Amino acid sequence: MSQAAVVMGADDAFGSSLCRQLLSEGWIVFGGSMGRSSFLIESIVHDYPGNFHLLFIDPGSIQSFQVAVEQVASKVRHVDLLVSNIREAEQADSLEDLNFDEALRSYDIHALGPIRYIEAFLPLTDVQDGLKRLVFVSDEAGSMAMKRNGGSIGSSMAMTGLHMAIMIMCNHLSKEGYTFRIYVPSSVPSRLGDGAGPTKGNKQLALRAYELFTASRDDESRLTIHGSMGEEWPF
């Protein structure tokens with residue numbers, strides 16, 4: 001039986017390329033779109049009509065995730081791989097012009113959205129013969145050691161908070177056989193709706209990510225952050 005994956009954030013260049021890589025390897029893929037069906041998504045639906053299933057999910061709503069879980073459960077017995085690629089581009093700001101409502105919204109989407117996602121889908125992954133792999137796509141804003149000047153204060157706080165949440169999840173769920181990946185692509189493009197298709201660079205990025213996300217490691221008990229070239233990032 002084919003393995004199944006849910007990729008939340010399938011409607012950006014990296015997410016759509018990862019979906020294509022999984023599909024080319026024979027996986028059944030459920031792609032979560034964060035509110036719009038772009039050319040990137042529509043082209044996958046066209047190319048893989050049998051194994052790709054589109055989900056429309058609001059990362060700020062647990063009810064939206066619950067509806068998606070029901071849709072997935074109606075097609076597969078269990079899910080092996082959950083990929084959280086929940087990310088929205090934001091303008092750089094400073095303390096002087098900080099918009100608190102936008103900062104709260106960013107935290108709700110980037111920090112709490114992945115938690116809602118895992119909470120909703122976790123029961124579908126809890127099977128004895130499943131991969132039980134949880135993947136989180138992040139960026140340098142989540143690393144206090146690597147964080148550079150600039151960027152959004154809200155998203156920086158959110159991504160750092162997300163890393164703490166992942167550590168807590170790992171402490172609890174690793175005892176039940178779950179394994180984790182935190183991944184920082186060399187570039188995480190903003191969501192596209194302009195008809196731009198997957199580039200050769202994105203395909204190569206997705207292939208390396210696929211290998212990292214699906215292969216086993218000797219040190220699964222150690223939670224790490226990896227870049228697209230396999231380099232390890234500090235928390």
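Laboratory data are not the source of any read-out in this text; all were calculated from the coordinates shown. Quantities reported herein were computed from a predicted structural model and do not represent experimental measurements. Using ideal geometry, Cβ is built from the backbone for each residue, glycine included, and neighbour counts are taken over all protein chains shown.
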(Q) Between THR224 and ASN171, what is 0.36 nm times their sequence separation minus the Cα-Cα distance? Round to one decimal in nm. (A) 17.8 nm
Q: In whole Hz, with x marking every Gly and Pro, tabulate ³J(HN,Hα) for segment 224-235 from phi via Karplus 6.51 cos²θ - 1.76 cosθ + 1.60, θ = phi - 60°.
A: 9, 10, 10, x, 5, 9, x, 6, 9, 9, x, 6
(Q) Using the Cα centre of the chain as origin and beta-carbon charges of +1 (Lys, Arg) and -1 (Asp, Glu), tell me which of ILE166, LEU212, SER156 is placed farthest towards the positive end of the dipole. (A) LEU212
Q) Rounded to the nearest 500 deg cm²/dmol, what is the calculated helix-only ellipticity per residue at 222 nm for the chain, with -39500 (n - 2.57) per DSSP H run of length n ≥ 4? A) -12000 deg cm²/dmol
Q. With +1 on each Lys and Arg Cβ and -1 on each Asp and Glu Cβ, how big is the dipole of segment 4-233 about its Cα centre, in debye rounded to the nearest 20?
A. 520 debye
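Mean separation of Cα pairs under 8 Å and 6+ residues apart, divided by the residue count of segment 4-233: what relative contact order is that in percent?
Across segment 4-233, relative contact order equals 24 percent.
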Q. Can you list the HN-Hα couplings for segment 121-127, worked out from phi with the Karplus curve (6.51, -1.76, 1.60; θ = phi - 60°), rounded to whole Hz and with x for Gly and Pro?
A. 8, 4, x, 6, 9, 8, 10
Q.
Can you list residues from other chains, or at least 5 along the same chain, whose modelled amide H is less than 5 Å from the amide H of VAL184?
A. SER138, HIS226, GLY227, SER228
Q. Taking the Cβ of PHE180 as the center, what net charge do the other residues with Cβ under 11 Å away carry, scoring Lys and Arg +1 and Asp and Glu -1?
A. +4
**Q.** Computed label-point distance, nm, for sites GLU25 and SER2 using a 7 Å Cα→Cβ extension
**A.** 1.4 nm
Q: Kindly state, to the nearest 0.05, the FRET efficiency for GLN128 paired with GLN66, given R0 = 35 Å and r defined as their beta-carbon distance.
A: 0.90
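Give the percent of DSSP beta bridges with both residues in the chain that are antiparallel, rounded to the nearest 5.
Just about 5 percent of them are antiparallel.
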Q.
Can you list residues from other chains, or at least 5 along the same chain, whose modelled amide H is less than 5 Å from the amide H of HIS53?
A. VAL29, PHE30, GLY31
**Q.** Distance histogram for the chain (every C-alpha pair counted, 10 angstrom bins, percent rounded to whole numbers)
**A.** 8, 34, 39, 16, 2, 0
Q. When the Karplus curve 6.51 cos²θ - 1.76 cosθ + 1.60 is applied with θ = phi - 60°, which whole-Hz ³J(HN,Hα) does each residue of segment 111-118 get, with x for Gly and Pro?
A. 9, 8, x, x, 5, 4, 4, 5
